[in-house]
Amino acid sequence: MIDYKIAVVVGSLREDSFNRKLADAVVSLAPPYFSFKQLQIGDLPLYNQDDDDHQAESVKQMKSEIKGAHGILFVTPEYNRSIPGVLKNAIDHASRPFGQSAWPGKPAGILGVSPSATGTAMAQQHLRNVLATLDMPTLGQPEVFIQAKPGLFDEEGNIGADSRMFLQSWMDLYVAWVKKHAA
């Protein structure tokens with residue numbers, strides 16, 4: 001059996017981010033032959049095409065981790081009805097220079113949590129548009145727009161009882177998606 005490596009991209013830099021908590025908690029719902037590693041995107045310089053021929057070491061490291069992954073898990077908040085700039089910056093870096101993108105063919109899943117009743121619906125839609133142009137097969141259903149409410153996480157930081165069944169179902173579908181699409 002293959003051991004699947006999943007790169008996790010959290011679209012928030014905040015230490016106490018709901019989305020970082022979700023990323024940390026949801027991975028425990030995967031089977032043991034799936035391993036997850038959060039990519040560091042906070043230390044990337046702002047993308048500038050002038051730097052394509054001499055990318056920063058942090059960019060090279062991130063691209064290497066993406067290329068070595070069987071799939072990608074995006075866990076992102078919504079900022080101003082779109083994806084956070086830090087997430088778009090990471091995506092842009094890993095897609096450049098032209099013809100050397102790390103993203104094509106990597107099966108993707110998207111999750112997000114927000115205090116808003118609509119969760120991260122707009123950010124996820126924008127992210128889906130970006131991932132389509134990067135040639136990433138992206139799990140479409142079920143969509144996961146989570147409202148941050150008491151009980152989402154238990155005292156140990158795990159997924160709370162009220163959301164566990166839904167997120168376990170999502171993870172099972174994501175695992176099947178990665179197995180189907182991983183090169």
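Every number in this text was worked out from the coordinates using simple rules, so none of it is lab data. This is a predicted model, so every value here is computed, not measured. Cβ coordinates were reconstructed from backbone atoms using ideal geometry, including for glycine residues, and neighbour counts include every protein chain displayed.
DSSP beta bridges fully contained in the chain are about 10 percent antiparallel.
Note on the chain: GNM, Cα springs under 10 Å; of Tyr79, Tyr33, Tyr47, the largest mean-square fluctuation is that of Tyr33.
All C-alpha to C-alpha distances of region 7-56, sorted into 10 Å bins beginning at zero, yield P(r) values of 22, 39, 25, 14, 1 percent in whole numbers.
Positive-end ranking of Gly42, Thr133, Gly157 along the dipole of the chain, with charges on Cβ about the Cα centre, is headed by Thr133. Amide H contacts under 5 Å for Leu111: Phe74, Val75, Thr76, restricted to partners 5 or more places along the chain or on a different chain, H placed in the peptide plane at 1.01 Å from N. Across the cross-link table entries Lys37/Lys63; Lys21/Lys106; Lys5/Lys60; Lys37/Lys149, which are compared at the Cα atoms, the separations over 20 Å belong to Lys21/Lys106; Lys37/Lys149.
Taken along its principal axes, the alpha carbon cloud of region 4-181 reaches lengths of 49, 34, 27 Å, longest axis first.
From least to most packed, judged by other beta carbons within 10 angstrom and beginning with the fewest, His181, His93, His54 follow the order His54, His181, His93.
The largest-to-smallest principal axis extents of the Cα set in region 20-105 are 42, 32, 22 Å. Sorting Lys106, Lys21, Lys37 from the fewest to the most surrounding beta carbons within 10 angstrom yields Lys37, Lys21, Lys106. Placing a label point 7 Å from the Cα of Ser35 along the Cα-to-Cβ direction, the residues of region 155-183 with a backbone N closer than 19 Å are 175, 178-179, 182-183.
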